[in-house]
Every structure is written in structure tokens, then in C-alpha cells.
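The structure under discussion appears below in the form of C-alpha cells.
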């Protein structure tokens, strides 16, 4: 005889729309320099120890999302590699 499976109801921890997400301070968007500077500031303040990124919102095309990922890779991530020693000390 099988035991019934209980479904856990998950409560959203993030705001449900983009505007509310921005107001909460949990989203960082903008030009690569803006994103880089804001994330470095948050990291140095100890605001996070890992980062989960989402590069597609609403009706963005694959090309737009790919461009965002490329800009992040080229303009944001190198700043974290360069400052990794500073965060460790």
C-alpha cells in the first residue's frame, strides 16, 4: 500500500512583480558599470555570499538575454575576480 504524498505549499519569498522587486533592493539592473558597482558594494558590505542571476524578464528575446549575459561576463564578473583578495582579507 502506497503512502499518500504530501504536497508542500511554497510561499514566494521574492516580490511577485518587477517594480516591487526593484523597490525591495533585491534586484540590481542597469548599465554594466552600474550593476558592477552596486554588486561590489553589496558584497563588500557582506550583503550576500553567493549570487543567483536572472537575465530574462518578460518578453525579452533570446538575443537580448544573450547580450545581457555577455555584458555581465565581460564587464561585471572580472571585477569580482580582481577584488576576491580584498574580500578575503
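Taken over the stretch 40-69, the residue count meeting the criterion of being under 17 Å from residue 25 (Cβ atoms) and in contact (Cβ under 8 Å) with a residue 40 or more places away in the chain is 3. Among the residues that make up the stretch 54-62, is at least one of them modelled with pLDDT under 95 and in a helix (DSSP H, G or I)? Among the residues of the stretch 54-62, at least one is modelled with pLDDT under 95 and in a helix (DSSP H, G or I), which makes the answer yes.
In the set 40, 51, 71, which member is within 24 Å of residue 14 (Cα to Cα) and at pLDDT 85 or above? Walk me through how you get there before you give the answer.
Values: 51 fails: at pLDDT 85 or above; 71 fails: within 24 Å of residue 14 (Cα to Cα).
Result of the check over 40, 51, 71: 40.
Any residue at all in the stretch 3-25 that is at pLDDT 90 or above and in a helix (DSSP H, G or I)? I'd like the intermediate steps shown before the answer.
Narrowing the stretch 3-25 to residues at pLDDT 90 or above: none.
No, the stretch 3-25 contains no residue that is at pLDDT 90 or above and in a helix (DSSP H, G or I).
Residues in the stretch 32-53 that are surrounded by fewer than 15 Cβ atoms within 10 Å (Cβ to Cβ) and part of a helix (DSSP H, G or I): 5 in all.
The values are calculated or read from the model by the stated rules, or taken from the named source; none is laboratory data. Bear in mind the structure is a predicted one, so any value in this text is a computation, not a measurement. Heads up, the Cβs are rebuilt from the backbone with ideal geometry, glycines too, and the neighbour counts pull from every protein chain shown.
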